[in-house]
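What follows is a single structure, written as structure tokens, with notes after it.
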Amino acid sequence: MNWQAVRSIYVFEMARFFRTLMQSFISPVISTSLYFVVFGAAIGSRIDQVDGVSYGAFIVPGLIMLSVMTQAISNASFGIYFPKFIGTIYELLSAPVNFLEIVIGYVGAAATKALFIGVVILATSALFVDLQIQYPFAMIAFMLLTCVSFALFGFIIGIWAQNFEQLQLIPLLIVTPLVFLGGSFYSISMLPPIWQTITLFNPVVYLISGFRWAFFGMADVPIGLSLLAIAGFTALCLIAVWRIFKTGWRIRK
Amino acid sequence: MAAILSVRDLVKRYDGGFEALSGVTLDIEKGEILALLGPNGAGKTTLISTICGITEGTSGSVTVGGHDIVNGYRDSRRMIGLVPQEINLEPFERVINTVRFSRGLFGKPKNDAYLEKVLRELSLWDKKDSRIMELSGGMKRRVLIAKALSHEPEVLFLDEPTAGVDVELRKDMWKIVAGLKASGTTIILTTHYIEEAEAIADRIGVIAKGELLLVEEKQALLTRMGQKQLQIDLTTAIEAVPDALAAYKLELVDTGRALLYSYDTRGERTGITSLLADLASAGLTMRDLQTKQSSLEDIFVGLVAGDAA
């Protein structure tokens, strides 16, 4: 392994993040606060409790997941798309590195950024609601896995995209709806039976459910299934990335 | 001398069937400067890109320092520095960071003293904290060279280093190349400026339509292919070359005031003596004589047109 290269990519990518640290920090704080004002205070005051948890607290895991997923995707996809766009990818292709080193560098940096934002949102939430985390280690593990797997997914999007529109297409058209319909703001049990069944085809449901379980000890789907889902998704993305580098698809002429 | 870079029957065929390289074989010796000369689309960049790993060859093999570029890509690529043709740089990055990045990417531990030396040699040191976008075009090109040198490569590829730069900078670039050669770096540069190859290369390869037409010592090439021209200035202008001199295939130039005679320096007889004698008997008097060695450019044009050996 060329760890020197992994480190260089990671440091270089993080530098971009630190250049825009204030934006990276302030925007999630503001948007989380807004969610709490709208869902927590305005709507939540009429909902009372979901499964024995105050509505304000109930939406925290979903809110974190929402941001972590979109941030991981956008950071990772931009991270690899930009060198393609401006042509600096030549250096990556001519360097003594293999696909794993490139992926660890880029995906690691994107996941770190997403994790940072997840933690910021968690801290902001604690200002609004009384939060208890029943299984802190499971919570951290779930958040980490989500950061990594969605950064991987974003990395694939970044390689696939041939223009800036395509870069936005999948996050906007697929990921955001899936997250919103994945039980971020409600429990699956609140849906009519037919929708409960349909929802089970949404992979994001398993992630949010598992993450919520780490907070409150209750879940829409069994926790084992959640773990399986995220492990499966990570594996799928890894295989895809491995294939991409093996064939040189959209990166090597 | 041992070849540091060895290319064997390299073919690159694109999916559409276009053959960018059709069986290139080439050996490059340690410490030399080889100029690859060829028109646009000849396959120069494809050759470099394949050696460096940016494109994959269809068949054939390449070794750098004995390491195969496919099976031993880590070792082969570590030895190579590449300066691409296009200015591909991250506009918001600072010079020193992008150079550090390159060094690390090639697996070398941090060494700011070495990077300082490189940046100073390229007159970039006082720009080290500037953002790339603040630099002029010439400076950006130097940054590309600094990046390529950041990991102390033994073989340096310069893909049209002076395309679109002014004369001043071109001369600067040649000086840099000469300095690198002096420090033992092997340099392969592509260019379509013949004077560039003539000025700095030890050997010259001519490439056209994906084929390497020849590789030769620059001087040998000039001598071997060299045609000389003798210009005879006449005291009085004539309207046509006299029939008596038809065998010499003379060219009438300068509105009839001068005759051009082309001859091969390799020949036993150049034919000059008899020409001068015949000239006198044809009743022409000469005012002056001059000879001119043909340049690489003439050779090149001849080769690419396909009528030379």
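About its Cα centre, region B:1-57 has a charge dipole of approximately 60 debye under the convention of +1 per Lys or Arg Cβ and -1 per Asp or Glu Cβ, with nothing else charged. Accessible surface of B:Lys12, taken over heavy atoms with a 1.4 Å probe and every protein chain present, rounds to 20 Å².
Think of the protein assembly as shown as a dipole: +1 on every Lys or Arg Cβ, -1 on every Asp or Glu Cβ, centred on the Cα centre; then among B:Ala178, A:Ser125, B:Ala113, A:Ser125 lies furthest on the positive end. For chain B, the membrane-span-like helix rule (DSSP H, alpha carbon extent of at least 24 Å along the helix axis, mean Kyte-Doolittle at least 0.0) picks out no helix; this says nothing about an actual membrane.
The alpha-carbon of B:Lys292 sits under 16 angstrom from the alpha-carbons of these lysines, leaving out residues fewer than 8 places away in its chain: B:Lys228. Each of B:Asp264 and A:Leu200 was given a label point 7 Å from its Cα along the Cα-to-Cβ line. The distance between the two points is 8.8 nm. How far is helix A:203-216 tilted, in degrees, relative to the longest principal axis of the Cα atoms in chain A, given as a value from 0 to 90 rounded to the nearest 10? In chain A, helix A:203-216 runs at an angle near 60 degrees to the longest axis.
Helix A:136-160 and the longest principal axis of the Cα set of chain A meet at an angle near 50°. Which entries in B:Lys181/B:Lys209; B:Lys12/B:Lys127; A:Lys113/B:Lys108; B:Lys44/B:Lys108 show an alpha-carbon gap greater than 32 Å? B:Lys12/B:Lys127, as the Cα separations exceed 32 Å there.
From most to least packed by mean Cβ count within 10 Å, the peptides B:111-124, A:209-222 give A:209-222, B:111-124. Axis of helix A:55-86 versus longest Cα principal axis of chain A: the two differ by about 10°, to the nearest ten degrees.
Positive-end ranking of A:Phe116, A:Phe12, B:Ser130 along the dipole of the protein assembly as shown, with charges on Cβ about the Cα centre, is headed by A:Phe116.
For region A:3-247, the Cβ-based charge dipole about the Cα centre amounts to some 420 debye (Lys, Arg positive; Asp, Glu negative; other atoms uncharged). Have a look at the DSSP beta bridges in region B:117-237 and tell me what percent are antiparallel, nearest 5. Bridges in region B:117-237 are about 55 percent antiparallel.
Excluding B:Glu32 itself, calculate the net charge of residues whose Cβ lies under 9 Å from the Cβ of B:Glu32, where each Lys or Arg counts +1 and each Asp or Glu counts -1.
+1
Of the residues A:Ala231, B:Val301, A:Ile244, the one whose Cα sits farthest towards the positive end of the charge dipole of the protein assembly as shown is A:Ala231 (charges of +1 on Lys and Arg Cβ, -1 on Asp and Glu Cβ, taken about the Cα centre). For A:Met1 and B:Glu86, what does the FRET efficiency come to when R0 = 45 Å and r is the distance between their Cβ atoms, rounded to the nearest 0.05? Once rounded, the FRET efficiency stands at 0.90. If you run the Gaussian network model on chain B, springs between alpha carbon atoms under 10 Å, then out of B:Asp243, B:Asp288, B:Asp126 the most flexible one is B:Asp243.
Rounded to the nearest 20, the Cβ-based charge dipole of region B:227-293 about its Cα centre (Lys and Arg +1, Asp and Glu -1) stands at 220 debye. Where in region B:50-68 does the amide nitrogen come within less than 16 Å of the point 7 Å from the Cα of B:Thr25, taken along Cα to Cβ? Residues passing the 16 Å test: B:59-63.
Look at where the Cα atoms of region B:199-241 and of region A:199-253 average out, and the two centres are 67 Å apart. Within the protein assembly as shown, antiparallel bridges make up roughly 70 percent of the DSSP beta bridges whose residues both belong there.
List the trypsin sites (Lys or Arg not before Pro) within region B:71-112 that DSSP assigns to loop and that have no more than 13 neighbouring Cβ atoms inside 10 Å. Passing sites in region B:71-112 are B:Lys110.
Using 0.36 nm per residue and subtracting the Cα-Cα separation, the extra length available between B:Ala280 and B:Ser61 on full extension is 72.7 nm.
The values are calculated or read from the model by the stated rules, or taken from the named source; none is laboratory data. No experiment lies behind these values; they were computed from the predicted model shown. Cβ sites come from the backbone with ideal geometry, for glycine too, and all protein chains shown count toward neighbours. To get the accessible areas, we keep the full protein, side chains included, count just its heavy atoms, and leave off ligands, DNA and RNA. Shrake-Rupley method; radii C 1.70, N 1.55, O 1.52, S 1.80 Å.
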